[in-house]
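The values are calculated or read from the model by the stated rules, or taken from the named source; none is laboratory data. Since this is a predicted model, take the numbers as computed values, not measurements. Ideal geometry is used to build each Cβ from the backbone, glycine not excepted, and the neighbour counts take in all protein chains shown.
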Amino acid sequence: MAPDPRPGAVLFACTLNSVRSVMAAGILRHLMGRRIYVASAGVRAGEADPFVQVVMDEIGIDTSQHTPCTFEDLHDTSFDLVVSLSPEAQHQAIELTRTMAVDVEYWPTYDATLAIQAQGSRDQILDAYRQVRDQLFTKIRQRFQIEGAPNV
């Protein structure tokens, strides 16, 4: 049997560690369980986002215990893969890993909080968050070669 090509430890990073990286980490944990160590961080620590909890609960993933943290808050930086989801996080990931043997991937991902800033209705805001969640779910299934996982 061939060894598993997936990384053993993955860090998802975004700007505030309150939306995109939280969703991505929750999805990968949900799909892979303990087979991959998953963490998330931000360039700056934001606040827990209640819309994330709502849209993740819709697909059976609990993010209620998430506390936003920064790259500096990480206790361990022994990741095999860092996936950055925002331009700021990509810059920080490159800085963090420049002397490490770690893969860094940039997945440009829409900032769903822009729907709040545009003063959209609650339904419009939730739709923006769902779109980000669903895109991340699809990308994660493809990138980590997860077969048989339910679609969102």
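Below are the figures for this structure:
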item	result
Pick from the stretch 92-107, criterion of a type outside the set (D, E, K, R) and touching a residue at least 24 places away in the same chain (Cβ under 8 Å), ranking: nearest to residue 143 (Cα to Cα)	107
Leading residue by the ranking (farthest from residue 18 (Cα to Cα)) among those in the stretch 108-141 that are of a type in the set (Asp, Glu) and without any contact (Cβ under 8 Å) to a residue 24 or more places away in the chain	123
Any hit, the stretch 63-70, residues being at pLDDT 95 or above and more than 22 Å from residue 44 (Cα to Cα)	no
Candidate set from the stretch 17-36 (those that are at pLDDT 95 or above and basic (Lys, Arg)); member that is surrounded by the fewest Cβ atoms within 10 Å (Cβ to Cβ)	29
Condition check for residue 63: touching a Leu at 6+ places or on another chain (Cβ under 7 Å) and either under 19 Å from residue 140 (Cβ atoms) or of a type outside the set (S, T, N, Q) (or both)	no
Hey, residue 25 assigned to a helix (DSSP H, G or I) and either over 12 Å from the mean Cα position of the chain (by Cα) or of a type outside the set (Gly, Ala, Ser) (or both) or not	no
In the stretch 122-145, the residues that are over 19 Å from residue 86 (Cα atoms) and surrounded by fewer than 14 Cβ atoms within 10 Å (Cβ to Cβ)	122, 123, 124, 142, 145
The one condition in (1) without any contact (Cβ under 8 Å) to a residue 24 or more places away in the chain; (2) within 15 Å of the chain's Cα centre (by Cα) that residue 49 fails to fulfil	(1)
Residue in the stretch 122-144 that is more than 19 Å from residue 35 (Cα to Cα) and modelled with pLDDT under 90 present	no
Neighbours by Cβ (under 6 Å, 6+ apart or cross-chain): first from the stretch 62-74, β-branched (Val, Ile, Thr); second assigned to a helix (DSSP H, G or I) and surrounded by 11 or more Cβ atoms within 10 Å (Cβ to Cβ)	63/22; 63/26; 63/52; 63/53; 63/56
